[in-house]
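The values are calculated or read from the model by the stated rules, or taken from the named source; none is laboratory data. Predicted, not measured: the structure shown is a model, and the values here were computed from it. With ideal geometry, Cβ positions are generated from the backbone for all residues, glycine too; neighbour counts draw on all protein chains shown. Side chains included, ligands, DNA and RNA excluded: accessible areas come from the protein's heavy atoms. Shrake-Rupley method; radii C 1.70, N 1.55, O 1.52, S 1.80 Å.
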Amino acid sequence: MPQRYFFNLVGPVRAIEDPTGVEADTPDQAEAEARAVIAEMRASGDLPELGPGWRLEIRDAAGRLVRSIPLD
């Protein structure tokens, strides 16, 4: 059964939270989707270089951290 996952960009001094999230069947599927979106955004120039210390946090609907992906 699909669950909602949220992708938050977290840096050394601020965070950009995802208010919408996506539905995925598993944390692995959510991570694959997140990595694909990051690659697309980087390729199109919509995701600027964020600098050291930034990561993508994947959280479930309860706010629990599921994955943390460094973006360096």
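Looking at region 4-25, which of its residues are farther than 12 Å from Leu56 by Cβ, open to solvent by less than 60 Å² (accessible area, probe 1.4 Å) and free of Cβ contacts under 8 Å to residues at least 24 places away in the same chain?
Correct list: Val22, Ala24.
One line per residue, one yes/no per condition, for (1) at pLDDT 95 or above; (2) over 20 Å from Asp72 (Cα atoms); (3) not in a helix (DSSP H, G or I):
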{"site": "Met1", "(1), (2), (3)": "no, yes, yes"}
{"site": "Asn8", "(1), (2), (3)": "no, no, yes"}
{"site": "Val13", "(1), (2), (3)": "no, no, yes"}
{"site": "Pro19", "(1), (2), (3)": "no, yes, yes"}
{"site": "Glu31", "(1), (2), (3)": "no, no, no"}
{"site": "Ala34", "(1), (2), (3)": "no, no, no"}
{"site": "Val37", "(1), (2), (3)": "no, no, no"}
{"site": "Met41", "(1), (2), (3)": "no, no, no"}
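Which ones in region 43-67 are exposed (fewer than 15 other Cβ atoms within 10 Å of the Cβ), at pLDDT 95 or above and not in a loop (DSSP other than H, G, I, E, B)?
Leu65, the sole residue that qualifies.
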